[in-house]
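Every number in this text was worked out from the coordinates using simple rules, so none of it is lab data. These numbers were taken from a predicted model, which means no experiment stands behind them. A quick note on method: Cβ atoms are made from the backbone with ideal geometry, for glycine too, and the neighbour counts reach across all protein chains shown.
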Amino acid sequence: MKKLVYLFLMIAQTLFAQSAFQKGNELYKSEQFEEAAVVYEGILKSGQQSAELHFNLGNAYYKLHKVAPAIYHYEKALLLQPNDAEIQTNLKFAQKMAIDEIKVVPKVGFSQMLNEALDVFHYDTWAWIATVFSTVFLLFFTGYYFGPTSLMKRLFFAGMILALLVIAVSVGAAVLERKHYNSERPAIVFAEVASVKNEPKAAAPAAFELHEGTKVFVLETQDKWAKIELTDETQGWIEKAAIKELKQF
């Protein structure tokens, strides 16, 4: 009985979210961006998450010239749908509204080459590739087992070895990419202006300032402070209330 009630509530919640999402879209089309954002935020508060929802919410905030929320929701959409070109394009437009221009320090060496190779696909895609080639391996094995000639058996055996190699690489890439994803803690600065200090103390002098919309990476937290790193490898301490982490689903 409890399972039926739970299922009913899930269906009702999904239908409500779909109805609200359509309402939000209609408000957005009629250029009622503030009202559309309120509807989209209400869907998020109900526990529903999707790349399309965050993307549309990012669009609404972009139209309202709210830099930090727009960038935040575009980034959230990319976490859910990493290879979406439209989300990436709109994110770049939103980032142009941000005041801070943080350079990206190019990294060199084997570790960087490995990271670039892994970043070609999301970890889910790497896992999917491994699954597909597992099926390919079984097909080659079947061909090898029932091959009528020694030449065909050798060809199918070579295919098996190649498929195993792809499976091994894909599984390894998926594990490493997932580990990297879990260890990385991106966040967006929401405070209009935030002081970054050399140590986690309110009395400490400010090393530099950041403005809303800037992306940072949280390295550690201590009480109400977060140690952050920028893409130019600059580090410092900022109040946790000034930022909002992207992976807090």
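For Lys96, the aspartates and glutamates whose Cα comes closer than 13 Å to its Cα, not counting residues fewer than 8 places off in the same chain, are Glu212. Just checking the listed ones, Asn25, Asn56, Asn182: in the Gaussian network model of the chain with Cα springs under 10 Å, the one fluctuating most is Asn182. If a paramagnetic tag sat 7 Å from the Cα of Asn198 along the Cα-Cβ line, which residues of the range 233-249 would have the backbone N under 11 Å from that point? Residues passing the 11 Å test: none. Under conditions of 20 °C and 1.002 mPa s, the chain yields 100 µm² s⁻¹ as its translational diffusion coefficient, taking Rh as the Kirkwood radius over Cα pairs in the Stokes-Einstein equation. Once backbone amide H atoms are built at 1.01 Å from N, Thr221 has Lys227 as its partners under 5 Å, excluding neighbours fewer than 5 places away on the same chain. What the phi angles of the range 27-41 give under the Karplus curve with 6.51, -1.76 and 1.60, with θ = phi - 60°, is a coupling list of 5, 5, 5, 8, 6, 9, 5, 4, 5, 5, 4, 4, 5, 4, 4 Hz, glycine and proline written as x.
How much length is gained if the chain between Leu176 and Thr142 is pulled fully straight, taking 0.36 nm per residue apart and subtracting their Cα-Cα distance, in nm to one decimal? It would help to have the intermediate numbers written out before the result.
Working: separation 34, 0.36 × 34 = 12.24 nm, distance 3.13 nm.
Difference between extended and current length: 9.1 nm.
Listed by chain and number, the aspartates and glutamates whose alpha-carbon sits under 17 Å from that of Lys45, ignoring those within fewer than 8 places in the same chain, are Glu34, Glu35, Glu245. Which one, Ser134, Ser170, Ser150, has the greatest fluctuation when you compute a Gaussian network model over the chain with C-alpha springs under 10 angstrom? Looking only at Ser134, Ser170, Ser150, the biggest GNM fluctuation is shown by Ser150. Springs join every pair of Cα atoms under 10 Å in this Gaussian network model of the chain, and among Leu164, Leu176, Leu230 the largest mean-square fluctuation is at Leu164.
Could you tell me which of the pairs Lys201/Lys227; Lys201/Lys247; Lys66/Lys215; Lys201/Lys224; Lys227/Lys247 are separated by over 19 angstrom between their Cα atoms in the structure shown?
Details: Lys201/Lys227 12 Å; Lys201/Lys247 26 Å; Lys66/Lys215 15 Å; Lys201/Lys224 10 Å; Lys227/Lys247 17 Å.
Beyond 19 Å between Cα atoms: Lys201/Lys247.
Phi angles across the range 196-213 convert, under the Karplus curve 6.51 cos²θ - 1.76 cosθ + 1.60 with θ = phi - 60°, into 3J(HN,Hα) values of 10, 10, 7, 8, x, 9, 5, 7, 5, x, 6, 7, 6, 10, 10, 10, 4, x Hz, Gly and Pro given as x.
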